[in-house]
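Scroll down for the structure; my scribbles are underneath it.
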Amino acid sequence: MRCMKVLGISGSPRKDGTTARLVHKVLEATGLDFEFISLAGKDVRPCMFCLGCARDNVCKIKDYVSTVRESLVEAEAYVVGGCNMWSTLNGLAHNFLERFYQFHHLDQNPNTGKVGVAVGVGAENGRPPAVLISSMFQEFGIRPLGSVVAKGVYPCYTCGVGDTCTISNVQGLDAHGNIDMSRKPCLDTQPDVIGHARRMGERIAAALSSDSSGC
Ligand SMILES: Cc1cc2nc3c(=O)[nH]c(=O)nc-3n(C[C@H](O)[C@H](O)[C@H](O)COP(=O)(O)O)c2cc1C
């Protein structure tokens, strides 16, 4: 018998970035069986509004999402993370969540009654992705338990061109226009965020504590 209770999804295009690490922190704090998937490098197409799922709740697009559909059905709770790109949720994560529409028909929505925690990361502001994920949870019948928001990295700190680029953010960030790596945020320097991630994990565990599946 498979006992996956919590499904963590990092929707960032970077496999081992801040979003993936923060989703892991929440998962580990649940103390429950979990599965983690990263969408980095995966073929995740948007909902095409074909309505092919309307009669059987199965999306007809064959891509990465179709390979994890069973995990989506089995999960009792979700931890979904995305990063800020152009002041909103990044496209890869958004595409993935759009495909939850396949479950949203008839009276057979497997997500009804599930719970979710949203994780948002941004160089400046991780709140927009977290807000959007929470709102999509609600659309799909998943009860949002809260969110965790962290600072990620400025692309201009990591692109390799850095302070010789005339349109780099770095000039605005560092007084002398040089890349000061001590200013590069990372999760380890955000203990308050890690503490909040732990509380969110514990909240998931409390919400599922009445579960009697035997796993
Ligand atoms: C093209 C692009 C646009 C971005 N736009 C924003 C933005 O509008 N606001 C922001 O706070 N961060 C922005 N970021 C920064 C990312 O959110 C940040 O690098 C984050 O750490 C990426 O998540 P990850 O560490 O999980 O990969 C942008 C990054 C890229 C590559």
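Among the residues in the range 102-119, are any out of contact with any Phe, Trp or Tyr (no Cβ under 8 Å at 6 or more places or on another chain), over 26 Å from L208 (Cβ atoms) and in a strand (DSSP E or B)? Checked the range 102-119: no residue is out of contact with any Phe, Trp or Tyr (no Cβ under 8 Å at 6 or more places or on another chain), over 26 Å from L208 (Cβ atoms) and in a strand (DSSP E or B). Taking the range 146-162 as the range and being among the aliphatic types (A, V, I, L, M) and over 14 Å from the mean Cα position of the chain (by Cα) as the test, the residues that pass are V153, V161. The residues of the range 10-47 that are touching a Cys at 6+ places or on another chain (Cβ under 9 Å) and surrounded by fewer than 16 Cβ atoms within 10 Å (Cβ to Cβ) amount to a single one, D33.
Can you pull out every residue in the range 118-152 that is within 16 Å of the ligand (Cβ to nearest atom) and over 18 Å from N95 (Cα atoms)? Passing the criteria: G122, A123, E124, N125, G126, R127, S147, V148, V149, A150, K151, G152.
The condition of being closer than 23 Å to E202 by Cα and within 16 Å of the ligand (Cβ to nearest atom) holds for only one of V73, V23, that being V23. F96 passes every criterion in (1) under 21 Å from S134 (Cα atoms); (2) within 16 Å of the ligand (Cβ to nearest atom); (3) in a loop (DSSP other than H, G, I, E, B) apart from (3).
Put simply, of Y64, Y78 the only residue that is under 20 Å from K114 (Cα atoms) and either of a type in the set (F, W, Y) or surrounded by 18 or more Cβ atoms within 10 Å (Cβ to Cβ) (or both) is Y78. Residues that are of a type in the set (S, T, N, Q) and crowded, with 19+ Cβ neighbours inside 10 Å were ranked within the range 81-110; the one that is farthest from A197 (Cα to Cα) is Q102. Among the residues that make up the range 73-86, is at least one of them closer than 18 Å to G141 by Cα, in a helix (DSSP H, G or I) and either in contact (Cβ under 8 Å) with a residue 12 or more places away in the chain or under 14 Å from the mean Cα position of the chain (by Cα) (or both)? Yes - at least one qualifying residue is present in the range 73-86.
Bear in mind that the values in this text are calculations on the coordinates, not laboratory data. Because the structure is a prediction, the values reported are computed rather than measured. Glycine gets a Cβ as well: all are built from the backbone with ideal geometry, and neighbour counts include every protein chain shown.
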